[in-house]
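Every number in this text was worked out from the coordinates using simple rules, so none of it is lab data. Please read these numbers as outputs of a predicted model, since none were measured by experiment. We place every Cβ from the backbone using ideal geometry, glycine too, and count neighbours over all the protein chains shown.
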Amino acid sequence: MRILFVAAVVAFLAACTSQSEGAPPVIVPKGPGEQAETMDPGDVGTDRWVAPGEADLKYVASMIVHHRQALEMSSLAPDRASNETVKGLASRIYDTQGPEIDAMEQWQRQFAEKAPAHGHDGTLPHVDHDSMPGMATPEQLAALKAARGADFDRLFLQLMIAHHEGAVKMAVDLLSTGTDVRVEEMANDVVASQSDEIARMKAIVIP
């Protein structure tokens, strides 16, 4: 009886230690109208792991390209803009979207590591530059690079407002079609942060 009691205590303590030291549970979304499932972190990468859907993969691949253009546009402001508010906003966009690209690329790497075990080749969808809403054309980018002072400020705001509105549309579309919780969190961040920046840019008056 004493041996059984000791064994039970050891098992209980082991379970408690495992729970306290483990990562938080993973929420796995299901289909429309179905309740999400809570998965132990140890099950990620096993047969219980649900691979991201095509909508998640396409969104992340597309948003990385979309963000990179925002970085390219924002990097022009320090030497070309004359309005301090425009300069500050461009700096904020650059500082925010750079780390967001890093987070999305990390998600892609984690997907590629898990995908082969589940019958997916780990390849990412092709991104059609022209199909993404809000992307500036090569001609518009050239005009922005050539502009200085107030002309740059006006064109930057015009192009970046359209760019942000396109990103918000992409994020909203993902929220109605995606299945990966982490991608949905990233999309929600885009909607919140870029909607706020759209309002800020529309409030700037360039004489």
### Task
Could you list the trypsin sites (Lys or Arg not before Pro) in the range 125-207 that lie in coil according to DSSP, counting only those with at most 16 other Cβ atoms within 10 Å of their Cβ?
ARG148
### Message
Below 8 Å, C-alpha to C-alpha, sequence gap of six or more: please give me the relative contact order for the range 51-203 in percent.
### Response
33 percent
### Query
Taking 0.36 nm per residue of separation and subtracting the Cα-Cα distance, what length does fully extending ALA51 through LEU71 add?
4.2 nm
### Message
What does the extension gain come out to for ASP102 and ASP79, with contour length at 0.36 nm per residue minus their alpha carbon separation?
### Response
5.7 nm
### Local electrostatic count at GLN158 - Lys and Arg +1, Asp and Glu -1, tallied over other residues with Cβ under 15 Å
0
### Difference of contour (0.36 nm per residue) and Cα-Cα distance, LYS169 to VAL127
13.5 nm
### Query
Where does the charge balance sit around THR96 when Lys and Arg score +1, Asp and Glu -1, over other residues with C-beta under 14 Å from its C-beta?
-3
### Query
List the lysines whose alpha-carbon lies under 21 Å from that of LYS87, not counting same-chain residues fewer than 8 positions away?
LYS145, LYS202
### Query
With θ set to phi - 60° and the Karplus curve 6.51 cos²θ - 1.76 cosθ + 1.60, what are the ³J(HN,Hα) couplings of the range 65-80 in order, to the nearest whole Hz, using x for Gly and Pro?
5, 4, 5, 4, 5, 4, 5, 4, 5, 5, 5, 7, 4, x, 9, 10
### Order of SER176, SER62, SER82 - criterion: other Cβ atoms within 10 Å of each residue's Cβ, fewest first
SER176, SER82, SER62
